Amino acid sequence: MSIKDRLSGNEAVAIAMRQINPDVMSAFPITPSTEIPQTFSSFVANGQVDTAFIPVESEHSAMSAAIGSQAAGARSLTATSSCGLALMWEVLYVAASNRLPIALALVNRTLSGPININCDHSDSMGARDSGWIQIYSENNQEAYDNFVQAYRIAEHAAVRLPIMICQDGFITSAAVENIELLADRDVQGFVGEYHPESYLLNSKQPLAIGPYAVSAYCMEAKRAQLEALKNAKQVTLDVAKEFAALSGREYGLFEEYKLADADYAMVIIGSAAGTAKDAVDQLRAAGQKVGLLKIRLFRPFPGEEIAAALQKSKVIACMDRTESFNGRCGPLGAEVKSALFDAQLMPPVINYVYGLGGRDVTVEDFITVFAQLAEIEQTNDGGKKYRYLSLRE
Amino acid sequence: MAMDGNKITETVSWRNITEGCKIEAAGNSRLFNTGDWRVDTPVFIAEKCRQCLLCVSVCPDSSIPVDNYQRGDFDFMHCKGCGICAKVCPFGAIEMKMGER
Amino acid sequence: MQNLIQIRWHGRGGQGAKTAALMLADVVFSTGKYVQGFPEYGPERMGAPITAYNRITDNKIRVHSNIYEPDYVVVVDETLFETVDVTKGLSKEGALIVNTARNKNEIEKLLNGYQGRIYTVDARRISMETLGRYFPNTPMLAAVVKVSGLMPDETFLNEMQQSLEQKFAGKPAVVEGNMQALKSTLQEVS
């Protein structure tokens, strides 16, 4: 049963958290994710959940407390943005290597500096190699749906890894839009109760978590961790299938929008994908074969599947909402190009950087990108492979 | 992925290493002969000892076994030869043999 | 998008322009439409100019950019005329709605030759009379509903009554004051 509502992305995630009713939330406020712990703490105060809320003194402590409580056997979560995630950095790796299925609601905001409170993906992209599962959302509905699915993926016996559910700061986190919520009991039935196999507060089974691993163990530990992360791909699909049966809303590793016969394809992440879909529709109406691939799962990266989906594209635009400072490409561009290379596909790939620090991106901007792709094919001139979109020259 | 602490060895494959290197056993440090890291060795002189047990409380490696309020000789499988026990002993009942294992 | 209506709000931090945009999204949602209400933050400080936006339509909204060609522009603080080109991109078929005690001719002189309709309402006076404090966003919300014809007055007032009673439960005077501000504005905006 679905409940029609209108909510900001932050409110939607806080409601998903209420419906999940986790054991522990530790959080420290930072714009633009503050509303999530703020709203959730009112649920705690009102007795709508029986979560222990820990107002910590920093994001490092927020993640450390989540690690401690999750290790103890409690389903734990937190929320943050930008520099808050950066301050968690050290312990993000600990959460992943200790195989603790913590959920983190990330509201993407640029990392300082220049200091700026608005959206780009530099925070989560910086943490992409920390061993967390990363899922990105286009709008409030996806942020909610992805959060409802988060624990089912993270806690799966073949996975047991922390998961980051990302949405775009302000653009979706502060925007009120229509949404369809699931009934509380449906979410509870879907997510289920948390029964960890091993946990520190189990007096019957002594346990040490996070022991020092000398060189003789460290590589084997990392390789085993990688296997668990790779398993997250199939588990994500399985969970999505079950979620579709419950909600009627379908999710995959990524979304293909009018991609099957597209000559010009755009690969993009987050809220701008919706704007780009409007551009695709306008160009399709004018007879142009353009399409879009929206990333949902970024870690693990579904490279083979993405390469297969792009195999008919003649020219590809990879849209990165962060600067990687390697002088060649952004993180998405690097992943897509490496996936194409391994699949022995060599189409021209133009990597665009856009939307840094909340720079607005419009339907017209994306129409410009597709026009550039067409020009590259027609003139057979790739030009610069790494470009900035809507930059003042 | 429960695993007996005895099975943690330096030959385990990545497929069999415990999840997150978790150790589902208590007190398994007893299994490891860390005493061979020792370069200096304490010697217990029983006739000088008044059983005050001060040495027991300061030993960082719990290497002085106590039975019925009486300390015995050192647990050399775990003693690192740090010499703290010899420093605190008020009665000269522990002597360090420097450079001897 | 069918029957798309786009609205841009200009205010200053602390005046409730963002809240008004979200309240408008709320009340329009209750009529079964698809809505967006979102802010654009600058320095995030009281008094700094802020912009907020609404999209209202019959279909699902996917676009997530700001609005550059609005049908309606609401100016919550008339001192913004000095620094912000409030009619930029504003449709000639649409309207400008200004919180001011001045008359339309005076406002017209402040604009860059905007050809469309201009509506004014003295939200400061209405707010002081009904709420005893300066909260211009409630009157401006009513003004935009009236001018745009988004819904009948009755529907709007009923929805607002329910929403305010929920928001200010236990504060009937606040509900009453706000309702009076809405009613006065519906009559006065012209």
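The values are calculated or read from the model by the stated rules, or taken from the named source; none is laboratory data. Keep in mind the model is a prediction, meaning the values are calculated, not measured. As a convention, Cβ positions derive from the backbone with ideal geometry for all residues, glycine included, and neighbour counts pool all protein chains shown.
Of note:
- Once the stretch A:160-173 is narrowed to residues that are over 21 Å from A:Lys294 (Cβ atoms) and crowded, with 24+ Cβ neighbours inside 10 Å, the residue that is nearest to the other protein chains (Cβ to nearest Cβ) is A:Leu161.
- Taking the stretch B:13-41 as the range and being within 24 Å of A:Lys204 (Cα to Cα), out of contact with any Leu (no Cβ under 9 Å at 6 or more places or on another chain) and assigned to a loop (DSSP other than H, G, I, E, B) as the test, the residues that pass are B:Asn16, B:Ile17, B:Thr18, B:Gly27, B:Phe32.
- Evaluation of C:Phe81 against (1) within 18 Å of C:Met151 (Cβ to Cβ); (2) in contact (Cβ under 8 Å) with a residue 12 or more places away in the chain (one fails), failing number: (1)
- The number of residues in the stretch A:337-384 that are of a type in the set (Lys, Arg), farther than 20 Å from A:Ala262 by Cβ and away from chain C (no Cβ under 14 Å) comes to 1.
- Filter result (of a type in the set (S, T, N, Q) and either within 30 Å of A:Lys230 (Cβ to Cβ) or away from every other protein chain (no Cβ under 14 Å) (or both)) within the stretch B:29-68: B:Asn33, B:Thr41, B:Gln51, B:Ser57, B:Ser62, B:Ser63, B:Asn68
- Pairing each residue of the stretch A:372-384 that is touching a residue at least 24 places away in the same chain (Cβ under 8 Å) with any residue that is surrounded by fewer than 10 Cβ atoms within 10 Å (Cβ to Cβ) and part of a loop (DSSP other than H, G, I, E, B), provided the two are 6+ apart or on different chains, yields no C-beta distance under 8 Å.
- Applying a threshold of 8 Å to beta carbon distances and a minimum spacing of six or more residues, or different chains, the list of pairs starting in the stretch B:1-20 at a residue that is facing chain A (nearest Cβ under 9 Å) and closer than 20 Å to A:Glu155 by Cα and ending at one that is crowded, with 17+ Cβ neighbours inside 10 Å and at pLDDT below 90 reads B:Ala2/B:Glu24; B:Thr18/B:Met3; B:Thr18/B:Ile8; B:Thr18/B:Glu24.
- Residues satisfying the stated conditions in the stretch A:102-117, i.e. over 12 Å from the mean Cα position of the chain (by Cα) and crowded, with 24+ Cβ neighbours inside 10 Å: A:Ile102, A:Arg109, A:Thr110
- Residues of the stretch A:19-42 satisfying the condition of being surrounded by fewer than 20 Cβ atoms within 10 Å (Cβ to Cβ) and not hydroxyl-bearing (Ser, Thr, Tyr): A:Asn21, A:Asp23, A:Pro29, A:Gln38
- Some residue of the stretch A:148-161 being modelled with pLDDT of 95 or more, farther than 29 Å from B:Cys21 by Cβ and in the same structural domain as A:Arg99 (by TED's automatic domain parsing): yes
- All conditions in (1) farther than 19 Å from A:Ser271 by Cβ; (2) in the same structural domain as A:Ala276 (by TED's automatic domain parsing); (3) outside any helix (DSSP H, G or I) hold for A:Asp360, with the sole exception of (1).
- Hey, A:Val280 within 29 Å of A:Gln234 (Cα to Cα), buried (at least 23 other Cβ atoms within 10 Å of the Cβ), modelled with pLDDT of 95 or more and in contact with a strand residue (DSSP E or B) (Cβ under 9 Å, 6 or more places away or on another chain) or not: no
- Selected residue (only one of A:Ser247, A:Ser215, A:Ser198 is more than 14 Å from chain B (Cβ to nearest Cβ) and of a type outside the set (Asp, Glu)): A:Ser247
- Helices (runs of 4 or more DSSP H) lying entirely in the stretch A:182-295 (those with 1 or more residues that are within 27 Å of A:Gly330 (Cα to Cα), without any contact (Cβ under 8 Å) to a residue 24 or more places away in the chain and touching a Phe, Trp or Tyr at 6+ places or on another chain (Cβ under 6 Å)): A:215-247, A:272-285
- Taking the stretch A:263-295 as the range and being more than 14 Å from chain C (Cβ to nearest Cβ) and among the small types (Gly, Ala, Ser) as the test, the residues that pass are A:Ala265, A:Ala286, A:Gly287, A:Gly291.
- Given (1) farther than 25 Å from A:Leu111 by Cα; (2) away from every other protein chain (no Cβ under 14 Å), index of the condition A:Ser26 fails: (1)
- Qualifying residue in the stretch B:35-45 (condition: touching a Ser or Thr at 6+ places or on another chain (Cβ under 9 Å), surrounded by 14 or more Cβ atoms within 10 Å (Cβ to Cβ), in contact (Cβ under 8 Å) with a residue 40 or more places away in the chain and under 25 Å from B:Thr9 (Cα atoms)): yes
- Count of the stretch B:38-69 residues which are under 17 Å from the mean Cα position of the chain (by Cα) and either assigned by TED's automatic domain parsing to the domain that holds B:Asn28 or more than 19 Å from B:Gly27 (Cα to Cα) (or both): 11
- Strands (runs of 3 or more DSSP E) contained in the stretch A:36-147 and holding at least 1 residues within 14 Å of another protein chain (Cβ to nearest Cβ): A:103-108, A:133-136
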